[in-house]
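> One structure, pasted below without further comment.
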Amino acid sequence: MSFDPAPIAWLKMHRPDLIRGIVAQSDYGDSYWSALPADMKKALAAFSHHSETDADFVSWRVADLPAPVPVLYRSALARPVICWTVRSEEDRAIASRYADQVTFEGYRA
């Protein structure tokens with residue numbers, strides 16, 4: 001599992017027997033991603049690497065749910081969606097509606 005599609009594409013080509021996942025989000029405009037070129041941010045958000053990566057699952061930022069890519073992953077491809085990072089009851093409610101599994105951090109029910 002990686003934010004970077006390159007190692008996932010490599011695994012698809014060289015180790016297709018291993019389960020592959022992509023960590024993603026709908027927008028890469030925040031300062032954390034400032035070093036990435038604008039066209040790369042746009043391509044990542046559009047999930048344009050799908051044909052090269054063909055990930056077995058996607059892990060999507062909970063703040064961006066619902067979003068077209070994870071919805072299509074679950075419905076059209078019948079592949080699991082994980083979401084990150086759930087820190088509140090509100091996040092958990094969104095996750096339970098749009099994801100199959102959750103990455104929690106500092107959450108107390």
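> Quick one: net charge around ARG108, please, counting Lys, Arg +1 and Asp, Glu -1 for every other residue with C-beta under 13 Å from its C-beta.
Numbers: positive: ARG87, ARG92; negative: GLU89, ASP91, GLU105.
Charge balance near ARG108 sits at -1.
> Could I ask something else about it? Cα axis of helix 89-98 to longest principal axis of the chain: angle in degrees, 0 to 90, nearest 10?
Approximately 50 degrees, to the nearest ten.
> Please work out which option in [x] 7.2; [y] 14.9; [z] 6.2 gives mean projected area of the Cα convex hull in nm² calculated from these coordinates, and answer with its label.
Among [x] 7.2; [y] 14.9; [z] 6.2, the one derived from this structure is [x].
> Using a 10 Å cut-off on Cβ atoms, rank the peptides 28-40, 77-89 from the highest mean neighbour count down.
Details: 28-40: 10.4, 77-89: 16.8.
In decreasing order of mean packing, 28-40, 77-89 become 77-89, 28-40.
> Once you put a point 7 Å from the Cα of VAL71 and another 7 Å from the Cα of HIS50, both along the Cβ direction, what distance in nm separates them?
1.3 nm
> From the helices alone, meaning DSSP H stretches of at least four residues, give me the mean residue ellipticity at 222 nm for the chain, per-run term -39500 (n - 2.57), in deg cm²/dmol to the nearest 500. Walk me through the numbers before you get to the answer.
Values: 5 runs with 41 residues, N = 109.
My calculation for the chain gives -10000 deg cm²/dmol from helical runs alone.
> Could you please report the charge total around LEU11, scoring K, R as +1 and D, E as -1 over all other residues with beta-carbon less than 15 angstrom from its beta-carbon?
Values: positive: LYS12, ARG15, ARG20; negative: ASP4, ASP17, GLU52, ASP54, ASP56.
Once all neighbours under 15 Å are counted, the net charge is -2.
> Round to a whole number: what % of the accessible area of segment 23-109 belongs to carbon and sulfur, probe 1.4 Å? List each step's numbers first, then the result.
Working: 2780 of 5070 Å².
Carbon with sulfur: 55 percent of the solvent-accessible area.
> At a Förster radius of 41 Å, what calculated FRET efficiency corresponds to the Cβ-Cβ distance of TRP10 and ARG97, to the nearest 0.05? Please report the intermediate quantities before stating the final value.
Working: r = 33 Å, r/R0 = 0.82.
Once the sixth-power term is evaluated, E becomes 0.75.
The values are calculated or read from the model by the stated rules, or taken from the named source; none is laboratory data. What you see is a predicted model; the values in this text were computed from it and never measured. We place every Cβ from the backbone using ideal geometry, glycine too, and count neighbours over all the protein chains shown. SASA here: full protein model, heavy atoms, side chains in, ligands and nucleic acids out. Shrake-Rupley method; radii C 1.70, N 1.55, O 1.52, S 1.80 Å.
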